[in-house]
Amino acid sequence: MDADVEILNRARDDLFRDFENFTRKVTLQLISELGIPADAKIVKQLHGAGIAGGIKFLVGNVFFKFAKADDEVYRNDDALAIKMAQNEVRHAAAVLKLKMHLLHLPLMACHRINGHAVIASATIPISREDSLMEGSYDGGRHVKQSNFQLCNLTRELASHFALQPHQINGHPSHLLLPLAADCEAHLSAQDGRY
């Protein structure tokens with residue numbers, strides 16, 4: 001039994017190391033392509049993946065967010081965008097520490113290189129609209145709350161951080177979310193909760 005656990009732990013550690021090495025190489029490539037025209041870049045920007053968080057890219061099965069400021073959210077202050085990136089990873093780590101075994105997060109890394117920050121997340125089996133059960137994929141224009149079990153899980157998560165359900169401006173008063181509207185809760189076709 002101990003040998004099996006050791007093999008599994010080694011495989012997990014190898015996966016983490018491979019993910020970190022791969023995402024670091026892509027991050028270095030993204031940084032090296034700053035300032036060159038979009039059509040000359042090797043890694044192409046992913047459009048339509050939201051505004052906040054920075055510039056988005058998809059390389060293989062890994063989603064990258066290059067923390068860069070924009071006028072709408074971070075008032076052209078890259079330091080604020082980088083702080084957001086660090087907070088995103090820090091908050092994911094806090095959620096993992098709760099050991100809520102029914103709630104899953106993707107494998108993540110945050111690379112800080114030469115004053116830049118890039119978050120990398122393994123893709124998960126969800127779709128923007130079909131698997132979304134709670135929250136908003138479009139900045140709060142459309143807000144969903146449709147799966148009782150997953151909503152109970154997000155309420156439990158929120159209670160660990162002393163967060164209270166709240167109303168979302170412009171939506172019915174009975175629609176109370178325990179987390180920020182852009183914290184999306186998804187149910188995959190395989191019944192995974194993300």
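Things worth noting here:
- Each residue of region 169-175 was assigned a 3J(HN,Hα) from its phi angle through the Karplus expression (A = 6.51, B = -1.76, C = 1.60, θ = phi - 60°), giving 3, x, 10, x, 5, 6, 8 Hz with x at Gly and Pro.
- Using Cβ point charges alone (K and R +1, D and E -1), the dipole size of region 1-60 about the Cα centre works out to roughly 440 debye.
- When the helices of the chain are scored as -39500 (n - 2.57) per DSSP H run of n ≥ 4 and the total is divided over every residue, the value at 222 nm lands at -11500 deg cm²/dmol.
- Long-range HN-HN contacts of ALA117 with modeled amide H, under 5 Å: ALA67
- Sparsely packed loop sites in region 103-193 (the GluC sites (Glu not before Pro) outside DSSP H, G, I, E and B with at most 16 other Cβ atoms within 10 Å) comprise GLU129.
- Cα gyration tensor shape for region 1-103, rounded if a/c is under 1.5, else prolate or oblate: oblate
- The lysines whose alpha-carbon is closer than 25 Å to the alpha-carbon of LYS65, local same-chain residues fewer than 8 away aside, are LYS25, LYS41, LYS44, LYS56, LYS83, LYS97, LYS144.
- Other residues within the sphere of radius under 11 Å centred on the Cβ of THR154, judged by their own Cβ, net out at -1 (K and R +1, D and E -1).
- Calculated FRET efficiency for the pair LYS25/ALA49, C-beta based, R₀ 30 Å, to 0.05: 0.90
- Only Lys, Arg, Asp and Glu carry charge here, each on its Cβ (+1 for the first two, -1 for the last two); on that basis region 1-109 has a dipole of about 120 debye about its Cα centre.
- Selection from HIS160, TYR74, ASN21 lying farthest towards where the dipole of the chain points positive, charges on Cβ: TYR74
- Restricting region 121-183 to chymotrypsin sites (Phe, Trp or Tyr not before Pro) that sit in a DSSP loop and have at most 15 other Cβ atoms within 10 Å of their own Cβ leaves PHE161.
- Total charge dipole magnitude, the chain, about the Cα centre, Cβ charges on Lys, Arg, Asp, Glu only, Debye to nearest 20: 260 debye
- Accessible surface of the chain, 1.4 Å probe: 55 percent of it comes from carbon and sulfur atoms.
The values are calculated or read from the model by the stated rules, or taken from the named source; none is laboratory data. Worth saying up front: this structure is predicted, and the values here are computed from it rather than measured. Virtual Cβ from ideal backbone geometry, glycine too; neighbours counted across all protein chains shown. Heavy atoms of the whole protein, side chains included, go into the accessibility calculation; ligands, DNA and RNA do not. Shrake-Rupley method; radii C 1.70, N 1.55, O 1.52, S 1.80 Å.
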